[in-house]
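Reading through the structure tokens given below for one structure.
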Amino acid sequence: MSLLAFFYILRHNGIPITAKEWFDLYNLLKEGIIKNLDDLYYKGKTVLVKSEKLYDAYDKAYIEFLNIGKDISNRLEEILKLLDEESKLINRNFKSDETLEEILNKFNERLKNQRVKHIGGGRHIGQKGFSPFGNSGVEREGIRVSGSSLHNRAFFVATERFFKNLREDVFLDGRNIALALKKLRHFQNAGVEDEVNLEETIDATAKNFGEIEIIFKKKKINNIKLLLLIDNGGSMEPYRDKVERLFSIAKHLRYFKDFKYFYFHNCIYNNIYTDTELWKSIPTSKLIRDFDQDWKVIIIGDALMAPYELYNSFQFIYRLEKKGTPGIEWLKILNKHFKNAIWLNPIPKIQWQHQTVKAIMNIFPMFPLTIEGIEEGIKQLIKKN
Amino acid sequence: MIKNTDLLYYRGSSNYVASKELIDAVNIAIHLEKPLIIRGEPGTGKTMLAKSIAESLNLPFIVWNIKSTTKAKDGLYFYDTVQRLNDARFHDRDISNIRQYIKFGKLAEAFMSEKKAVLLIDEIDKADIEFPNDLLNELDEMSFYIPELNETIIAKSRPIVIITSNSEKDLPDAFLRRCVFHYIAFPDYELMKKIINVHFPGIHEKLLTKALDIFYEIRKIDELRKKPSTSELIDWIKILLISAYDIENISLKNLPYIGALIKKEQDLELFHRMLRYR
């Protein structure tokens, strides 16, 4: 039984801790700042968990950690003893030319590639060392992966990748979305000339025989205007989290020259809504009038509906609207009006078999609502047509 | 070996109510000499924390307010080439002395402080998404290089760095790894009582209970886009006290000065709509 088990339980529960955090915890133990199990819980949380979204997972992991051994009261003493041995081990083991920093970097590199999913037999931790965890020597230098037990030469026991990292999962990271959206840019000079153009100033001054002439230039700003059209229909409910995340990131990116959004239900008809409850609306024709062709349009929806909802002059089911242009026609009009428009679909690509999905794919370039999909879509959006 | 950080132990201060976990987190950050990231809803006192640390430990307090246009370099230094060019023309100053054209930023100020400083990097997520990454090295080594002077500024004493974030954007992993983290949960009823008592010493118990009951009742409405936070509550109580409103008459249906609590028009509409259905 060792504290290192905690490390793996934490990662098993989806907390992406690395050697760096682990050393912080050791430091606190060594310095006597963590004195009891309560301290371990609270103070450990401060150094190990870097997002409140993971607090719950941390609680789970902590309970799991306490339950794997029987005698809890002696645990801390045990931990402290092990810690002492482990720190000696560290000093003994890393004798190669690499600095500890380098070794840690490599270790971190590996951990990064190995997003914790299912550590197969991870439940066995703490019984007899770490045998369940990848005892299949991975790298020669640096951190060794030991098969037998902690008290061997290895300090960290790395786990093998049991499941390949599914790209669909990476999607959830808000930062990734923000980085992908950042590619949506087109810089143009705009505004008043209020920035000194250093090079031209030097040139001009030199030509003036040292008589200083300051040349100003306009700032470069992003000229992209982004319009989001979001399907708020019932079938979108399972993807609400994903869509909301993308939406709130786009909204807070403060990156675009302008950013506007509207909602629709299943398909776009005569009216498009300004609120999620679908109370307030503007005519879709007005949208086309008010938003010029340079707006970049991202439509988010599952494109799943009954065929008549797409093809008939049928309107929004729950409210009485006059009969009008069929949805598919509106989609064609929108695609024709805007130079760049894409459709992001939260449904996995493999399921895009439905008739209406296929029909809409013929109008808009469609991409899955994943990081890769967003990146591909944005390439499409910044293309010059 | 006694580290100089051992002598610094934060215990909270009289005008700032901090939970035990928060105090622990601060002391861990001081001990490990790592920046402390503070997250939490608006109005949980994130910004006030740094001030309280500086006051109670009697250390210089430096604030770096982050805006959407802030660049990492702004915290280090700015080389005023235009001024130098200008001086070259009028021979006002000795232009070979480049040092006088180097203006230091807040981070540099904290590094160069004779006494260990408390540096607040306020609302780090307001800046560009790359901003935290650009600060990695400086925060890690607490030093930076100025090519113009061929000089490296090294922190005389590693500052206590408090970083606040509104969690609008996720911070990069590499950055998080170098920091410790604490989430300030929204104060529960009892803690809020203490907080209000700090702001309004000797406030009438009846008014306090009533105001808090209503406040937490409103916060239960998940549909609100912006739930009232501590600062709204304090403002509201202040108005109630000034106007000497009869507390007996206050209820959810009859809320005086509701604008102090619910600020968004849509939220007000929603609130009234919900009351009608009660």
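Coordinate-derived values only; no laboratory data. Note that the coordinates shown come from a computational prediction; the quantities given were computed from them, not determined experimentally. Heads up, the Cβs are rebuilt from the backbone with ideal geometry, glycines too, and the neighbour counts pull from every protein chain shown.
Normalise the Debye intensity by I(0) for the stretch A:233-385, one equal point scatterer per Cα, no solvent, then take log10 at q = 0.10 Å⁻¹ and round to two decimals.
Each listed q corresponds, in turn, to -0.33.
Over chain B, what is the relative contact order in percent, taking alpha-carbon pairs closer than 8 angstrom and at least six residues apart?
Across chain B, relative contact order equals 22 percent.
Could you tell me the distance between the Cα centroids of the stretch B:5-44 and the stretch B:230-253, to the nearest Å?
Rounded to whole Å, the Cα centres lie 31 Å apart.
Kindly state, to the nearest 0.05, the FRET efficiency for A:Lys383 paired with B:Tyr245, given R0 = 56 Å and r defined as their beta-carbon distance.
0.35
Over the alpha-carbon set of the stretch B:67-132, divide Rg by the Kirkwood Rh and report the Rg/Rh ratio to two decimals.
1.11
Given the peptides B:116-128, B:91-103, A:329-341, arrange them by the average over their residues of other C-beta atoms within 10 Å, most packed first.
Result, highest mean first: B:116-128, A:329-341, B:91-103.
Please give me, ordered by residue number, the chymotrypsin sites (Phe, Trp or Tyr not before Pro) of the stretch B:226-278 that lie in loop per DSSP and have at most 12 other Cβ atoms within 10 Å.
Here the sparse-neighbourhood loop sites are B:Tyr277.
Counting Lys and Arg as +1 and Asp and Glu as -1, what is the net charge of the other residues whose Cβ lies under 14 Å from the Cβ of B:Phe144?
-3
Against the empirical 2.2 N^0.38 Å scaling, what ratio does the C-alpha Rg of the stretch A:185-295 come to?
Normalised Rg, Cα atoms only: 1.68.
Near the amide H of B:Tyr77, under 5 Å away, which other amide H atoms are found, from residues 5 or more places off or on another chain, if H is placed in the peptide plane?
Sorted by chain and number, the residues that satisfy this are B:Gly105.
Among the listed pairs A:Lys257/B:Lys46; A:Lys50/B:Lys226; A:Lys182/A:Lys349, which have their C-alpha atoms separated by more than 27 angstrom in this model?
A:Lys257/B:Lys46
Taking each residue in B:25-35, count the Cβ atoms of any other chain within 10 Å of its Cβ, then average. What number comes out?
4
Could you work out the Rg to Rh ratio of the stretch B:43-96, with Rh taken as the Kirkwood radius (inverse of the mean 1/r over all Cα pairs)?
Using Cα coordinates only, the ratio equals 1.25.
Once you have a ≥ b ≥ c as the square roots of the Cα gyration tensor eigenvalues for chain B, tell me rounded if a/c is under 1.5, and otherwise prolate or oblate according to whether a/b is larger than b/c.
Prolate, because a/c is 1.5 or more and a/b exceeds b/c.
What does the net charge come to around A:Asn223 if you take all other residues with beta carbon closer than 11 Å to its beta carbon, with K and R at +1 and D and E at -1?
So the environment of A:Asn223 carries a net charge of +3.
I want the local charge near B:Asn86. Using Cβ-Cβ distances under 11 Å, sum +1 for each Lys or Arg and -1 for each Asp or Glu among the other residues.
Local charge sum for B:Asn86: 0.
Given a Förster distance of 30 angstrom, what is the FRET efficiency for A:Glu372 paired with A:Arg185, based on the Cβ-Cβ distance and rounded to 0.05?
Approximately 0.95, to the nearest 0.05.
In peptide A:39-46, how many Cβ atoms from other protein chains are near each Cβ within 10 Å, on average?
5
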